[in-house]
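Q: Would you mind keeping the following structure in view while I ask a few things?
The values are calculated or read from the model by the stated rules, or taken from the named source; none is laboratory data. This is a predicted model, so every value here is computed, not measured. Counting neighbours? That spans all protein chains shown, and the Cβs are built from the backbone with ideal geometry, glycine included. These area figures cover heavy atoms from the full protein model, side chains too; ligands, DNA and RNA do not enter into them. Shrake-Rupley method; radii C 1.70, N 1.55, O 1.52, S 1.80 Å.
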2 protein chains.
Amino acid sequence: MYTCLDRRGNIYSTDKSVWMQGRSAWTFSYLCHVYGKREEWMAAAKSCLDFMEAYCINRKAGGRMYFTVTADGKPLRQRRYCFSEGFYAIANAEYYGLTHEAVYLERARSAYELIYQLNNGLIKDPTGLGPKTIPETRTGRALGDPMIFLNIIHVLRRVDPEHREEYDLRARECTDSIFGYHFHPELGCTLESVAPDGTPELDYTAGRVVNPGHDIECSWFVMEQANHIGDADLHKKAETVFRQAVEAGWDKEYGGILYFIDCLGKPTEAYEHDMKLWWTHNELLIASLMAYRDTKDKYYLDWFFKALDYCKAHFVDEDYGEWYGYLRRDGLPTMPSTKGSTFKGPFHLPRMLAMVDTMLGEILCQN
Amino acid sequence: MYTCLDRRGNIYSTDKSVWMQGRSAWTFSYLCHVYGKREEWMAAAKSCLDFMEAYCINRKAGGRMYFTVTADGKPLRQRRYCFSEGFYAIANAEYYGLTHEAVYLERARSAYELIYQLNNGLIKDPTGLGPKTIPETRTGRALGDPMIFLNIIHVLRRVDPEHREEYDLRARECTDSIFGYHFHPELGCTLESVAPDGTPELDYTAGRVVNPGHDIECSWFVMEQANHIGDADLHKKAETVFRQAVEAGWDKEYGGILYFIDCLGKPTEAYEHDMKLWWTHNELLIASLMAYRDTKDKYYLDWFFKALDYCKAHFVDEDYGEWYGYLRRDGLPTMPSTKGSTFKGPFHLPRMLAMVDTMLGEILCQN
């Protein structure tokens, strides 16, 4: 799957993103799950799964996966983070849900276990890359770890009821980690990076970073978990994550969700912090509608429509289809505009469309 | 030296940039060189030099240096690139030029030699980090290597005439590399990354990246070299690098130099590609005035004034002093605005002011 596509859909880079191979395989499988199997969707999913199996796994490093490979599958880059493995896990799990061929579940569970071991420091990273920051000086926890793992569990649990107890236990560890360490009501936010014991590290920029889109995505992962276990308190806490993120992250001047903000209102170091990215807005549409579906609180429905208006006005390309990936703070696409990149492909947008479609159906049935 | 400063000069991160320790020590030494020694400038330079010596060198990795350290000097991050070492080299060299204490020249020459060995693949990187891209799949040349090395040579040659022949030889290697590999008249640009033999790699984004500010900086490094060896052809080639970069990189809609462009006009992958950074405009002021001083071609003077008008209108903060570091494409600062960062401190702006001041004096004397 090539994902570096310009405004008209032409390929501007032939390098392949491993994240996007997994995400694409998941998306096409999920479309089959929601709308029924279609041959072209199954084939697209299978193609990405086969490509990953053949070219994206670093066999010399305990099944760790690459970050990018060439068009013909030669490895380009190994990164320390294990998100390639996470998307590989949900892709194989979702495809197993359609085919019930054991090999796909085995692959998904093997990657899921590898990530669990890495996230919890139970094994040494087989790539040998080590942490980005010298651990004798500073270590910490990253919100992405429990959050993405919770999403992996959601998919696995649905297709693999046999390991249900283990999934429930580990999902609980994820929400404990999110609320025990990253959620800071005294600061009114959920922090991306905290000390090992959850203490905010407010003296330097990385310790103050809030990624509102990430928090909003996290909020609906947690709402799904709360619904699964029937925990109303957990749902309420997820709603708080959502509210804090959207109210701090919404750009009062130009509209849209800011990419990064600082929990104390100080400068953030990422140059692109004030840009508007497509995916944060996809997450806002999902999370606001899910919160509305679950609570019937009009506050959430208002956010859904506010987000929808912004997206239609700024992200949608009426002339060439799809959404722009990257807008400047003022809501205009950066130029030359793109429809895809190493990070943008068939994932956030179709996931949002399918989930919102499903949830709208549920809401209409409730009424 | 803390450099993460907000609009009013308050420190927003106590982590210290090793680049900026070296650059600051160079700048304060250079100010003494240009304007005469001042106690506070000497003390500032010495403080940064001492801090680097005590805390910024990875003694377990052959003198490679860290990228960031904590306020009290604990190592935070080791990167593969050897630019910390480059700024350490010019800092120690410039300080040696003021004090003639042999230890500073030894330190400068030792770092200079380490960089030479690394740039030319004569030693294995003692950090063991290895290249970012898996070298069995793809290797290449980075413009930053010969360009920064040429700047190191300029400083060393001035204070250390004894090794003049070696400096001249290695400077020649740098300009051969810039023009033999990176300069591509058929594409009308100077490429950041090329194949080992200089072939442009146009199928993927990284192979098409043009950083106009980098090229403009490179052009004045080469003009200095051309002036030093009295090579009029080399000066002409440097002028071509400048002209191509400024004409392709100047934003026709909003003014200012774009951060990154694609040599074929395709999308670039860096989110921040359309931002306006302070340093590229400092380089434009230096390079345009140097080209005018050397050629008397009004074309270059026009660029100098055009750049100056843009900088006064957009970068200068009339209320709190200094220049904003980071502007959106439309010329407004990203918010909250900053006066410093891990990359912005007392370097590009004071270097520009001192060099432009000197060159204006030279131009007035010529007339």
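Q: Please name all residue pairs, on different chains or six or more residues apart, with Cβ atoms under 7 Å, provided the first residue is in the stretch B:304-317 and is in the same structural domain as B:Ile257 (by TED's automatic domain parsing) and the second residue is open to solvent by 50 Å² or more (accessible area, probe 1.4 Å).
A: B:Asp317/B:Arg7
Q: Condition first: away from every other protein chain (no Cβ under 14 Å), buried (at least 17 other Cβ atoms within 10 Å of the Cβ) and of a type in the set (A, V, I, L, M, F, W, C). Can you find one or more residues in the stretch A:290-298 that meet it?
A: Yes, that holds for at least one residue.
Q: If we scan the stretch A:207-223, do we find a residue that is over 18 Å from the mean Cα position of the chain (by Cα), touching a residue at least 24 places away in the same chain (Cβ under 8 Å) and open to solvent by 50 Å² or more (accessible area, probe 1.4 Å)?
A: No; the residues of the stretch A:207-223 include none that is over 18 Å from the mean Cα position of the chain (by Cα), touching a residue at least 24 places away in the same chain (Cβ under 8 Å) and open to solvent by 50 Å² or more (accessible area, probe 1.4 Å).
Q: Another question about this same structure. For the stretch A:139-185, name all the residues that are within 16 Å of the chain's Cα centre (by Cα) and hydroxyl-bearing (Ser, Thr, Tyr).
A: Scanning the stretch A:139-185 gives a single hit, A:Thr175.
Q: Could you list all residues from the stretch B:264-276 that are within 23 Å of B:Cys311 (Cβ to Cβ) and either assigned to a loop (DSSP other than H, G, I, E, B) or within 8 Å of chain A (Cβ to nearest Cβ) (or both)?
A: Taking the stretch B:264-276 as the starting set, the residues that turn out to be within 23 Å of B:Cys311 (Cβ to Cβ) are B:270, B:272-276.
Hits for the stretch B:264-276 are B:Ala270, B:Glu272, B:His273, B:Asp274, B:Met275.
Q: Residues of the stretch A:313-327 being small (Gly, Ala, Ser) and surrounded by fewer than 22 Cβ atoms within 10 Å (Cβ to Cβ), which ones? Step through it out loud before you land on a result.
A: If we filter the stretch A:313-327 for residues that are small (Gly, Ala, Ser), which is where we start, we get A:313, A:321, A:325.
Correct list: A:Ala313, A:Gly321.
Q: Next up: For the subset of the stretch A:55-65 comprising residues that are part of a helix (DSSP H, G or I), farther than 24 Å from A:Arg351 by Cβ and within 13 Å of chain B (Cβ to nearest Cβ), which member is least open to solvent (accessible area, probe 1.4 Å)?
A: A:Ala61
Q: Collect the residues in the stretch B:180-192 that are surrounded by fewer than 20 Cβ atoms within 10 Å (Cβ to Cβ) and closer than 20 Å to B:Ala248 by Cβ, keeping them in residue-number order.
A: Within the stretch B:180-192, B:His184, B:Pro185, B:Glu186, B:Leu187, B:Gly188 meet the criteria.
Q: Right, next: Filter the stretch B:217-232 down to residues that are in contact with a Leu (Cβ under 6 Å, 6 or more places away or on another chain) and farther than 20 Å from B:Asn282 by Cβ, then give me how many there are.
A: Total meeting the criteria: 1.
Q: Output the residues belonging to the stretch A:318-367 that are away from chain B (no Cβ under 11 Å), polar (S, T, N, Q) and not in a helix (DSSP H, G or I).
A: Listed by number, the list holds a single entry, A:Asn367.
Q: A follow-up question, please. Does B:Tyr95 satisfy the condition of being within 27 Å of B:Glu173 (Cα to Cα), within 18 Å of the chain's Cα centre (by Cα) and at pLDDT 95 or above?
A: no
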